[in-house]
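Engineer: Pasting a structure below so you can have a look.
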Amino acid sequence: MRIARFSIDGNVAFGVVEGDPSDAEGPVLDIIKGHPFAEFERSGQRIPLNKVRLLPPVLPNKVIGIGRNYAEHAAELGHEVPEVPVAFFKPSTAVTGPGDPVPYPSFSAELHHEAELAVVIGRMCREVPRERVQDVVLGYTCANDLTARDVQRREDQWARAKGFDGSCPLGPWVETELDPSDLGIMCTVNGEQRQLGRTGDMVHSIADLIVHITEAMTLLPGDVILTGTPAGVGPLNVGDEVAVTIEGIGTLTNKVIKRG
Ligand code: MG
């Protein structure tokens, strides 16, 4: 099931996406009563997807990023693959939605794209045992772990390099029925392919990451884990349209704009 969050006429709601883009009348949203973090009912009230503005599919309390989780990407930046996952935070204010413009950060001259599979947490959890990992996952969405690469090199902590406003596009929706173990993941810039990988090449699996993170902290419904990026990261310029596509989920597109 694909669950989107959207606004229409100033109201915000969640809906189940039905149909696909090839349908003559296009996909529709069946508005759900309540929210997707508990049992919910579909209202039966349907709105064409093209009549709404999609929002980030969740509003995380925190986004936990994992660095250098694909060997080829670690190598392209001159790093070893870490034995223990490298974890960092992106603040909730970094999150932005599908189609939202991303202002180029004023303090950087080297903005990079990083296409990533995002895990959306469905329930409050801590110290999750490996065999219960599936129980705490609501589903998966696309993410772009936008990074001010020059700032990341200069500053030991990545709070500014990876935490600026707009640095965490998420969307277009959460896919709840998906085996994430070996999905194609791609990034294009202005339609040209930049990154192409498979989630099966992750160094630390999603289960490993959830066990590792919840050993330290409580995760809340809507929290997001970014699982690392495959090789091929590279620069973005003002005016570029960057798209992250993950097999079985869809495409997350954002345009880089000049900061106003
Ligand atoms: Mg990343």
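The values are calculated or read from the model by the stated rules, or taken from the named source; none is laboratory data. Given the structure is predicted, the values throughout are model-derived calculations rather than measurements. Note that we place each Cβ from the backbone using ideal geometry, even for glycine, and neighbour counts take in every protein chain shown. SASA here: full protein model, heavy atoms, side chains in, ligands and nucleic acids out. Shrake-Rupley method; radii C 1.70, N 1.55, O 1.52, S 1.80 Å.
Engineer: Would you calculate the volume per residue, in Å³, of the smallest convex hull containing every Cα atom of the chain?
Structural biologist: In the chain, the Cα convex hull volume per residue is 124 Å³.
Engineer: If you count the DSSP beta bridges with both ends in the chain, what percent of them are antiparallel, to the nearest 5?
Structural biologist: Values: 62 of 69 bridges.
The answer is about 90 percent antiparallel.
Engineer: Quick one: which of LYS162/LYS255; LYS51/LYS255; LYS162/LYS258; LYS90/LYS258; LYS33/LYS90; LYS90/LYS255 span more than 24 angstrom between C-alpha atoms? Show your work: numbers first, answer last.
Structural biologist: Values: LYS162/LYS255 17 Å; LYS51/LYS255 20 Å; LYS162/LYS258 18 Å; LYS90/LYS258 22 Å; LYS33/LYS90 30 Å; LYS90/LYS255 20 Å.
Listed pairs above 24 Å: LYS33/LYS90.
Engineer: Quick check: residue separation of LEU77 and GLN193 times 0.36 nm, minus the Cα distance between them. What number comes out in nm? Walk me through the intermediate numbers first.
Structural biologist: Values: separation 116, 0.36 × 116 = 41.76 nm, distance 1.91 nm.
This chain segment gains 39.9 nm when fully extended.
Engineer: How many angstrom lie between the Cα centre of segment 79-157 and the Cα centre of segment 179-239?
Structural biologist: The two parts, judged by their Cα centres, are 8 Å apart.
Engineer: Skip the ligands, DNA and RNA, and give the accessible area per residue of the chain with a 1.4 Å probe, whole Å². Don't jump to the answer; show the numbers that get you there.
Structural biologist: Values: 11750 Å² over 260 residues.
With the other protein chains kept in place, the chain gives 45 Å² per residue.
Engineer: Along the positive direction of the dipole of segment 63-258 (beta-carbon charges: Lys, Arg +1; Asp, Glu -1; about the Cα centre), which of VAL238, THR141, GLY191 reaches farthest?
Structural biologist: VAL238
Engineer: If I compute solvent accessible area with a 1.4 Å probe over the protein chains, what percent of it on the chain is carbon and sulfur? Please list the in-between numbers first.
Structural biologist: Working: 5760 of 11750 Å².
After summing per-atom areas, the C and S share lands at 49 percent.
Engineer: Additional query: One quarter of the convex hull surface, Cα atoms only: what value does that give for segment 2-54 in nm²?
Structural biologist: 3.5
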